[in-house]
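Written below as structure tokens is the structure these notes are about.
What follows is calculated from the coordinates using simple rules that are stated; it is not laboratory data. The model shown is predicted, which means the values in this text are computed figures rather than measured ones. Counting neighbours? That spans all protein chains shown, and the Cβs are built from the backbone with ideal geometry, glycine included.
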Amino acid sequence: MKKILFLAFSLALLVFPTVTNAESDIEPEVLDSKIYIDPHITGADRDIILDVMKDIPVEERTNVVYIRDDGEILANKPELLDQWSNAEQVGENLFKTKEGQTITAPKQTCDLTQSFAIQSVSCAPSDGPYRKVQSNTGYSWFSGYVYLPSQNKGQMHDENKPGGNGDTAHIYTGGITATEVDAGFFHQPTNDNWSMFIRQGGYSNGPLFAAGQNIFLKFYVPSSDKVALYAAGTIVGSSQKDYTVVRDAKGWNTSGYNQSIKRLTTIASKSSPHSGSFINGVHWYNSNIGTSSTSNSPWTASSQTAGYCAVPSSQVTTTFINAGEETVNIRIP
């Protein structure tokens, strides 16, 4: 009887084979210790992206791009490599994308020379009006929501397009230590969408997020000498809902030592100070800062905050709730 049962069980396995964890995942992805990497990513590239992804939360590993110091771009899926590129610097705070678009980037205003023991906010003039909120030192992690206004809804106007004056709206987070990082979105008025970007040394841009939506942002240090930006929302022309970009950034650490977090709303301008560009209703809310996803708190206390900038004050207005929540409007006359 035992031989008959064993034979029947063996035949059942042939007809209904056991499904392994790897086989049960949605193709073309495979599972490496809960790290999803397309099987077409092989060799050294696979080893490198695997090492980067192990420091990213499991739920944020769907679409991952890694930008090295030398500008090389790696990803966990081949198609992501076509979405990201390094813009060419063509002037002071001017960058040209591979599509031929010239971006006016905000002039970075943090003071990298000051003593971190007496960290304060630098509100130096930039190449356009801006609103900045900067934390005290001791932080390496930020999360929060922000509304991306829509040109088509009459909520903003800039001219980063052929024949325009180059004004470019940016909404972003990031921070400062020995180096400064900007990470977030810049507006593309031709089709009214927002391109994800990260800037540290060079300026890299990626997928397009729809205007007129609230998106979730997270900026953090996944491991020493690296920073990451995670964004979740509606992505133009894609069924995907989130994205993580990791970039080499020397000097950044997970403990937050000698590091400040920032969040900004700006209109960078390379031409006339009377361009008429504006952006309304940039609502930052539910912001948290800390050193990790398990060690953070709402960004509401003055003890967490180094200071605020509205430069120039005549062009920037805010409906202020606390350091982690406010609505920003900017208008260049």
Any chance you could get the radius of gyration and Dmax over the Cα atoms of the range 138-177, in Å?
14.6, 44
How compact is the range 190-326 by the rule of thumb for globular proteins, expressed as Cα Rg over 2.2 N^0.38 Å?
1.15
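Run the numbers on the range 252-325 and let me know its relative contact order in percent, using alpha-carbon pairs under 8 Å that are six or more apart. Each step should come with its number before you reach the end.
On the way: 45 pairs, mean separation 22.0, N = 74.
About 30 percent, as a whole number.
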What residue among N193, N93, N253 has the largest mean-square fluctuation in a Gaussian network model of the chain, using Cα springs under 10 Å?
N93
Placing +1 at every Lys and Arg Cβ and -1 at every Asp and Glu Cβ, with all other atoms neutral, what dipole size does the chain have around its Cα centre, in debye to the nearest 20?
600
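Just add up the charged neighbours of I279: K/R +1, D/E -1, any other residue whose Cβ is under 13 Å from the Cβ of I279.
Working: positive: R131, K153, R331; negative: D158, E159, D167, D192.
Within the 13 Å Cβ shell, the charges total -1.
Output the antiparallel fraction of DSSP beta bridges having both residues in the chain, as a percent to the nearest 5. Please list the in-between numbers first.
Values: 98 of 102 bridges.
The antiparallel fraction comes to roughly 95 percent.
Quickly estimate the mean residue ellipticity at 222 nm for the chain, helices only: each DSSP H run with n ≥ 4 gives -39500 (n - 2.57), and the total goes over all residues, rounded to 500. Please list the in-between numbers first.
Numbers: 3 runs with 29 residues, N = 333.
Counting only the DSSP helices, I get -2500 deg cm²/dmol.
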If the viscosity is 0.890 mPa s and the temperature 25 °C, what translational diffusion coefficient in µm²/s does Stokes-Einstein give for the range 278-333 when Rh comes from Kirkwood over Cα pairs?
196
Pick out, from S224, V121, H40, the residue whose Cα sits farthest towards the positive end of the charge dipole of the chain, with +1 on the Cβ of Lys and Arg and -1 on the Cβ of Asp and Glu.
V121
Measure of compaction for the range 178-258 (Cα Rg per 2.2 N^0.38 Å):
1.16
Over the chain, calculate the relative contact order: mean separation of alpha carbon pairs under 8 Å at least 6 apart, over the residue count, as a percent.
21
Calculated from the structure, Cα extents along the principal axes in Å equals which of (i) 63, 45, 41; (ii) 53, 53, 37; (iii) 91, 46, 36?
(iii)
Shape descriptor, the range 80-215: equivalent ellipsoid semi-axes (Cα gyration tensor, sqrt 5λ, whole Å, largest first) stand at 26, 17, 15
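When the convex hull of the Cα atoms of the range 55-97 is projected onto a plane and the area is averaged over all directions, what value comes out in nm²?
Values: hull surface 16.3 nm².
The number I arrive at for the range 55-97 is 4.1 nm².
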